[in-house]
Ligand code: ADP
Ligand code: ADP
């Protein structure tokens, strides 16, 4: 049974397709890097896999079921309960503290305030930023903010984490720290990760790599696929 994947996914924004029939499979528990040059369709593929965007043709499958043809409500439920997303930068709510930011997805899911706060503190602790719990994003470094954002994307314990250039706005050291945490926590939680990056060093953290070029899988990139666990 397919855990997560696309079958001949096609997506266009205008006359030129951003995805021209992409078939990828993500195994449960693996960290898959989606790489390729800017504009090749990586983010589009991630958005389609995560149910954020609909494919024009082809299929998106999650746990053996098509999710491209399900209702918007069902996809919203999946995004809330089974999927987590981590974007490049600046996703924290500026008016909230770190702990409030991390607690937010749980509060939106109906958790009690106290339980949400406890879970948020525990995740901040696991990311080494518990001491920042009462600070606002504007008072933190980029790396600290991204660690809080990672805590927020994991606090609901998603089965799949979609990370789109999660270190794109960070310097090398801060980026490596965030990636180190991401990979460690994904292994601990058995979270499947789809990691979009144009950076070969970042892709080196993944178990496997697929490369896109002009909206299609690059067979030479596939030839370089390696298991690095
Ligand atoms: P085939 O395998 O039938 O030769 P192509 O290689 O032309 O098809 O295209 C691969 C996939 O991309 C197909 O699913 C096709 O529908 C889609 N596709 C190709 N070109 C476009 C386009 N300009 N706009 C939208 N979809 C396209
Ligand atoms: P990548 O993540 O690899 O940089 P994207 O998936 O963001 O690639 O973009 C693929 C192609 O689709 C690019 O040519 C890009 O310009 C185009 N594109 C992406 N998003 C949009 C959009 N919202 N509207 C129009 N074109 C878009």
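Among the candidates 180, 143, the residue that is under 18 Å from the mean Cα position of the chain (by Cα), crowded, with 18+ Cβ neighbours inside 10 Å, more than 16 Å from ligand 1 (Cβ to nearest atom) and at pLDDT 95 or above is uniquely 143. When segment 24-35 is filtered for residues that are more than 16 Å from ligand 1 (Cβ to nearest atom), within 20 Å of residue 75 (Cα to Cα) and in contact with a helix residue (DSSP H, G or I) (Cβ under 8 Å, 6 or more places away or on another chain), only 26 remains. Residues in segment 36-60 that are away from ligand 1 (no atom under 12 Å from the Cβ), in contact with a helix residue (DSSP H, G or I) (Cβ under 9 Å, 6 or more places away or on another chain) and over 21 Å from residue 77 (Cα atoms): 36 alone. Of 155, 194, all but one fail to be on the phi < 0 side of the Ramachandran plot, under 14 Å from the mean Cα position of the chain (by Cα) and within 16 Å of ligand 2 (Cβ to nearest atom); the exception is 194. Within this structure, residue 48 fails the test of being modelled with pLDDT of 95 or more, within 12 Å of ligand 2 (Cβ to nearest atom) and in a loop (DSSP other than H, G, I, E, B).
Restricting attention to segment 158-173 and to residues that are within 16 Å of ligand 2 (Cβ to nearest atom) and buried (at least 24 other Cβ atoms within 10 Å of the Cβ), the residue that is farthest from residue 45 (Cα to Cα) turns out to be 167. Residues in segment 1-23 that are assigned to a strand (DSSP E or B), more than 18 Å from residue 50 (Cβ to Cβ) and either more than 11 Å from ligand 1 (Cβ to nearest atom) or touching a residue at least 60 places away in the same chain (Cβ under 8 Å) (or both): 3 in all. From 76, 116, grab the single residue that is in a helix (DSSP H, G or I) and within 17 Å of the chain's Cα centre (by Cα). Answer to the selection: 76.
One residue stands out in segment 51-65 among those that are assigned to a loop (DSSP other than H, G, I, E, B) and farther than 21 Å from residue 14 by Cβ: the one that is nearest to ligand 2 (Cβ to nearest atom), namely 51. In the condition set (1) more than 15 Å from ligand 2 (Cβ to nearest atom); (2) more than 30 Å from residue 179 (Cβ to Cβ); (3) surrounded by 14 or more Cβ atoms within 10 Å (Cβ to Cβ), residue 72 is compliant with all but (3). Do the conditions hold for residue 41, that is, is it more than 16 Å from the chain's Cα centre (by Cα) and under 24 Å from residue 182 (Cα atoms)? Criteria not met by residue 41. Annotation note: Cβ proximity below 7 Å between a residue of segment 51-64 that is closer than 20 Å to residue 27 by Cβ and a residue that is part of a loop (DSSP other than H, G, I, E, B) and within 14 Å of ligand 1 (Cβ to nearest atom) (sequence gap 6+ or interchain) occurs for 59/68; 60/68. Within segment 174-193, restricting attention to residues that are out of contact with any helix residue (DSSP H, G or I) (no Cβ under 8 Å at 6 or more places or on another chain) and in a helix (DSSP H, G or I), the residue that is farthest from residue 42 (Cα to Cα) is 188.
The values are calculated or read from the model by the stated rules, or taken from the named source; none is laboratory data. As the structure is a prediction and not an experimental result, all values here were calculated from the model. Methodologically, a virtual Cβ is constructed for each residue, glycine included, from the backbone with ideal geometry; neighbour enumeration extends over all protein chains shown.
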